[in-house]
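Asks: Please read through the structure below; I'll follow up with questions.
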Amino acid sequence: MKRFAALFTALDQTTRTTQKVDALSSYFQQAADADKVWTIAILSGRRPKRGVTTTLMREWAAEAAGLPLWLIEESYPIVGDLSETIALILPYPKEHEDQSLSYWINIISSLGSMEVADKRAAILKAWDSLRPVERFLFNKLITGGLRIGVSQKLMTRALAQATGIDEPELAHRLMGNWSPAETTFEDLILSDDPSVDLSRPYPFYLAYQLESLEALGPPIEWRAEQKWDGIRGQIILRDGQHFVWSRGEELVTDRFPEFGQLRDFCPSGTVIDGEILAFRDGRPLPFAALQRRIGRKTVPKKLREQTPVVVMVYDLLEQDGTDIRAQAYDERRAKLERLAASLPEGLPLRLSPAISFENWDSLARERENSREKGVEGIMLKRAGSPYLSGRKKGDWWKWKIDPLTIDAVMIYAQSGHGRRANLFTDFTFAVWNGDELVPFTKAYSGLTDAEFRQITAWVRKNTKERFGPVRAVTPQHVFEIAFEGIQVSSRHKSGVALRFPRMSRWRHDKPVQEANTLDDLKDMLDVYG
Amino acid sequence: MVLEFRDDGIYCPAGDFYIDPWKPVSRAVITHGHADHARPGHGSYLATEAAAPVMRFRLGEISLQTARFGAQTQIGDATVSFHPAGHVPGSAQIRVAVRGEVWVVSGDYKLEPDPISEPFEPVRCHAFISECTFGLPVFTWDNPNIVTEQINDWWQANRAAGRFSVLGAYALGKAQRILSSVDHTIGPILTHGAIENTNEILRAQGLSLPQTTRVTPDINPKHYPGALVLATPSAMGGGWMKRFRPAPSTAFASGWMGVRGIRRRRAADRGFILSDHADWNGLNKAVRDTGAERIFVTHGYTQIFAKWLSEQGYEARIVETEFEGETLETPQLDDPA
């Protein structure tokens, strides 16, 4: 654990990319193989199954520190992280012994099957033999969500530096369905056997927000299609089996049983990239409809009928078992079109239509119609470009429509987590209904650090009431809230739910009486809902 | 009541004076020279001898009377004396006795000794008015020697890599504490003007500090390769920093650096956990050692700390003040133009 803690500290102590890569790379050259695999797993968002609740951890920590539980609860929002709070309040360890990262992870993994008394004993013993930083990491591994400020991309680069294997090749090997408990460094990283995992997806190519049309060069080099508002998905058909991966590298095959039909019609060795959409009568249903499908592991028949899904396909990554990502977009598109044309009607698969355009102006007009079509805007792809991995600038751009906006009054504030600890960053907003303020959304992002500091100082002085971590504040500040869509909601008092709400502007110029009304929101619902 | 809590500050009716008032009053007794305690505009000031030069420098022409630590000054029916608070050089707790009842205002304080401040002295009293900037059990300080080692290691490594080490610290107290504890044989030390002003004052008072060079437009940083640069927190990240090239390693020294989220928000490379305020254990010990039953808590996590003290059997109350204490969001001392 000492070595892993030293790695964590080194990564935490610098904001420079090269120093992070160097620290990781030297770790990958020195650590034991089992620890390396776990480190890769942690940095790519995998973690051991949680075997103990945070409620119990709080209680045991209070007990070990000889402090009342309420004091831990009060400290937590100020520190902004429960694992760190616990690590900080416990007394310095009495009997420090250095064990490997894998040793501690094995203990964490075994917690799930223990009786509560044994869990307690195991955790108290761990706390008493780990130093504060190690203790923090131990807690984080239990609770999940350890963020070290290292993207998967950066980790892959460090691994490439340490092993001499190509970065894109490593990115591909790290994709998919592997479990750190069941693989070895040799199998995962060093061996070069593509048949190891039938379900293994390709890294997704992710687009950047369009910066300037002019910089793209001649329109003739570009292809356009709708930007669909669903779940990015990769459908893999190999050896008579099918797998559906979400962009977050989650295997979601069982949530969309419809796609099983594709096995009967697509040749084996086909991998398709597209957008999973709830879709009826030739147009997408609102994202909220799809959300009902994502939330559950299995899908009852009724729900399947209510929210039928399709995959709107826009790229072909593998054909006849061959990786064709290096081919030009136009070539891949032609192959995808031939594949789509060969399929019978009635399958849950549609080809994302190409939008023809002569110049940027005509495309801009097309973009204006996005909201009526239920799409988020336009995607631009360079005709001659290969399919890259990860977020890379240059060949794919998303050109989204401008968000909807409404001016709302801040009524509740709550402090944030992580680097926003001890700052008020999470707000609830309301609109007028007569002379009453009706809350309708929360928003967390969009302000600068300076604005968050300013509003934090204001909240401290203008708290009317406290409900645990939430503070009711004097209704005084108006913010412009930007959002991508609006839906009817029976769960919210206001009757609406917004998609991607954020603060786009602090309206210092606007008195609180002039904020928008619930009727304004309902009008938007009529037009865009 | 020996002391009352008014809108202008803490007031003593028996002596008709205020302690660290935040609005202009006719007579002010001052715990120490930090800007949120020693404010301009009062008719007359009483402070410790050791705090006086900094106050004169910062507040200009003021009517200032001084007293030695422990010496008693009679003001009306009140007997006032200063006792070391260990916060910065010259910082004091203020003891006020009226007809046998003793109240103590802590000002800002810390219990661990440092190389420059008069060490904290517990004062027995009936009522204790305590700051609680770090009044949560998550704040516990390491031995300062460990922190000094960390700063030395950081400086040495940067120097070896041909980089400047820019360390943010308050101009009065923290900066001199670091100066007198780091290994000054590692390399040259440069200082921001606001820090050097304070250095000059404290040197004139007899404090021994290593040699430092004031950063001015005439100074070429290239002539001081691998220097340790002491900067005020507000100068960090501003245009003042641009003169140090290539990009220096940056750090802050503050008690807040004990929380990872706050440390990351500062976006400095390093955060050294070094505070001039008492940590959780220090606050509790200080309260215990006064023998007081009534505790008034000011600046900091007052609600939480008061509730904790009540559970420990004290009669604890919150006093709203305008003291800033150790903050990261607002600089404590003005920067010179």
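Asks: If one computes P(r) from the Cα atoms of segment A:396-504, what percent of pairs lie at distances over 19 Å?
Replies: More than 19 Å apart: 46 percent of the Cα pairs in segment A:396-504.
Asks: With viscosity set to 1.002 mPa s at 20 °C, what whole-number translational diffusion coefficient in µm²/s follows for chain B from Stokes-Einstein and a Kirkwood radius over Cα pairs?
Replies: The diffusion coefficient I find is 105 µm²/s.
Asks: When Cβ neighbours within 10 Å are restricted to other protein chains, what is their mean count per residue of peptide B:252-264? If you can, show how the numbers build up before the last one.
Replies: Working: counts 0, 0, 0, 0, 1, 0, 4, 10, 13, 14, 8, 4, 9.
Mean inter-chain Cβ contacts per residue within 10 Å come to 5.
Asks: Largest first, please: the extent of the C-alpha atoms of segment B:229-275 along each principal axis, to the nearest Å.
Replies: Between the extreme Cα coordinates on each principal axis of segment B:229-275 lie 30, 17, 14 Å.
Asks: Starting from the Cα of A:GLU73, step 7 Å toward the Cβ, then list every residue of segment B:289-322 with an amide N under 20 Å from that point.
Replies: Of the residues in segment B:289-322, B:301-313 have backbone N under 20 Å from the label point off A:GLU73.
Asks: For segment B:49-157, just the Cα set please: Rg and Dmax, both in angstrom.
Replies: Every Cα atom of segment B:49-157 included, Rg and Dmax give 17.1, 59 Å.
Asks: If I take every Cα pair under 8 Å that is 6 or more residues apart in segment A:176-298, average their sequence separation and divide by the length, what percent do I get for the relative contact order? Walk me through the numbers before you get to the answer.
Replies: On the way: 121 pairs, mean separation 28.7, N = 123.
With pairs under 8 Å counted, the relative contact order is 23 percent.
Asks: Using alpha carbon centroids, what distance separates segment A:275-352 and segment A:245-262, in Å?
Replies: Computed from Cα coordinates, the inter-centre distance equals 10 Å.
Asks: On to the next question. As I understand it, the dipole of the protein assembly as shown uses +1 on the Cβ of Lys and Arg and -1 on the Cβ of Asp and Glu, about the Cα centre. Which of A:THR298, A:PRO386, A:ALA341 lies farthest toward its positive end?
Replies: Looking along the dipole axis, the top candidate is A:ALA341.
Asks: Please state the charge dipole magnitude for segment A:399-477, taken about the Cα centre, from unit charges on C-beta atoms (+1 on K and R, -1 on D and E), reported in debye and rounded to the nearest 20.
Replies: 440
Asks: Right, next: Rg(Cα) of segment A:114-179 divided by 2.2 N^0.38 Å? Intermediate results must be reported in sequence, preceding the final value.
Replies: Values: Rg = 17.1 Å, N = 66, 2.2 N^0.38 = 10.8 Å.
Relative to the 2.2 N^0.38 Å estimate, segment A:114-179 comes out at 1.58.
Asks: Going highest first, how would you order B:31-39, B:7-15 by mean Cβ packing within 10 Å?
Replies: Details: B:31-39: 23.8, B:7-15: 18.6.
Peptide ranking by packing, descending: B:31-39, B:7-15.
Asks: Beyond a 25 Å Cα-Cα separation, which of these cross-linked pairs lie in this structure: A:LYS2/A:LYS125; A:LYS335/A:LYS381; A:LYS153/A:LYS335?
Replies: Going by Cα-Cα distance, A:LYS153/A:LYS335 fall outside the 25 Å limit.
Asks: Relative contact order of chain A: what whole-number percent is it, with Cα pairs under 8 angstrom and at least 6 residues apart?
Replies: Result for chain A is 12 percent.
Asks: Just the number, please: Stokes-Einstein D of segment A:364-421 in µm²/s, Kirkwood Rh from C-alpha pairs, 10 °C, 1.306 mPa s. Before the final figure, lay out the partial values.
Replies: Details: Rh = 15.5 Å.
For these conditions, the coefficient is 102 µm²/s.
Asks: When Lys and Arg each count +1 and Asp and Glu each count -1, what net charge do the other residues less than 13 Å away from B:GLU49, Cβ to Cβ, add up to?
Replies: Working: positive: B:ARG56, B:ARG68; negative: B:GLU118.
So the surrounding residues net to +1.
Asks: If you don't mind, another one. Relative contact order, percent, of segment A:476-529 when contacts are C-alpha pairs under 8 Å separated by at least 6 residues?
Replies: Details: 74 pairs, mean separation 23.6, N = 54.
For segment A:476-529, the relative contact order is 44 percent.
Asks: Count, for each residue of A:70-80, the Cβ atoms from other chains sitting within 10 Å of its Cβ, then give me the mean as a whole number. All intermediate terms of the calculation are to be shown ahead of the outcome.
Replies: On the way: counts 4, 9, 2, 0, 8, 8, 1, 0, 8, 8, 6.
Partner Cβ neighbours, averaged per residue: 5.
Asks: Using the Cα atoms as the points, what is the convex hull volume per residue of segment A:454-517 in Å³?
Replies: 127
Asks: Oh, and also: State to the nearest 20 debye the size of the charge dipole of the protein assembly as shown about its Cα centre, where the only charges are +1 on K and R beta carbons and -1 on D and E beta carbons.
Replies: Working: 104 positive and 109 negative charges, 139 e Å.
The calculated dipole for the protein assembly as shown is roughly 660 debye.
Asks: Net charge near B:GLY15: determine it from the other residues with C-beta under 10 Å of the C-beta of B:GLY15, scoring Lys and Arg +1 and Asp and Glu -1.
Replies: -1
Asks: Let me ask something else about it. Counting Lys and Arg as +1 and Asp and Glu as -1, what is the net charge of the other residues whose Cβ lies under 10 Å from the Cβ of B:GLY70? Let's see the in-between values first.
Replies: Working: positive: B:ARG68, B:ARG95; negative: B:GLU121.
Residues close to B:GLY70 contribute a combined charge of +1.
Asks: Same structure again: Mind checking the dipole of chain B: about its Cα centre, +1 per Lys or Arg Cβ, -1 per Asp or Glu Cβ, Debye to the nearest 20?
Replies: Working: 32 positive and 37 negative charges, 207 e Å.
With Lys and Arg at +1 and Asp and Glu at -1, about 1000 debye.
Asks: While we're on this one: What is the P(r) of segment A:91-134, as percent of Cα-Cα pairs per 10 Å bin from 0?
Replies: Taking every Cα pair in segment A:91-134, the percentages come to 28, 53, 19.
Asks: With N set to the residue count of segment A:148-293, report its C-alpha Rg divided by 2.2 N^0.38 Å to two decimal places.
Replies: Cα Rg divided by the expected 2.2 N^0.38 Å: 1.25.
Asks: Is there a simple number for the mean count of other chain Cβ atoms within 10 Å of the Cβ of residues in A:84-94, and what is it?
Replies: 3
Asks: Next question, about the same structure. Return the inverse of the average 1/r over all pairs of distinct C-alpha atoms in segment A:53-137, which is the Kirkwood hydrodynamic radius, in Å to one decimal.
Replies: Roughly 13.2 Å, rounded to one decimal.
Asks: Right, next: What percentages make up the Cα-Cα pair-distance distribution of the protein assembly as shown when the bins are 10 Å wide from 0?
Replies: Here the calculated profile for the protein assembly as shown is 2, 10, 16, 20, 20, 15, 9, 5, 2, 0, 0.
Asks: Can you tell me the FRET efficiency between A:TYR92 and A:THR184 if r is taken as the Cβ-Cβ distance and R0 is 51 Å, rounded to the nearest 0.05?
Replies: 0.90
Asks: Looking at B:CYS125, B:TRP155, B:LEU190, which one has the Cα that reaches farthest to the positive end of the dipole of the protein assembly as shown (charges on Cβ: Lys, Arg +1; Asp, Glu -1)?
Replies: The one lying farthest along the dipole's positive direction is B:TRP155.
Asks: Using bins 10 angstrom wide from zero, how does P(r) for segment A:212-269 break down, in % of all Cα pairs?
Replies: 19, 34, 24, 18, 5
Every read-out reported here was derived from the displayed coordinates using simple, explicitly stated rules and does not represent laboratory data. Computed from a predicted model, the values in this text were never measured in an experiment. Cβ sites come from the backbone with ideal geometry, for glycine too, and all protein chains shown count toward neighbours.
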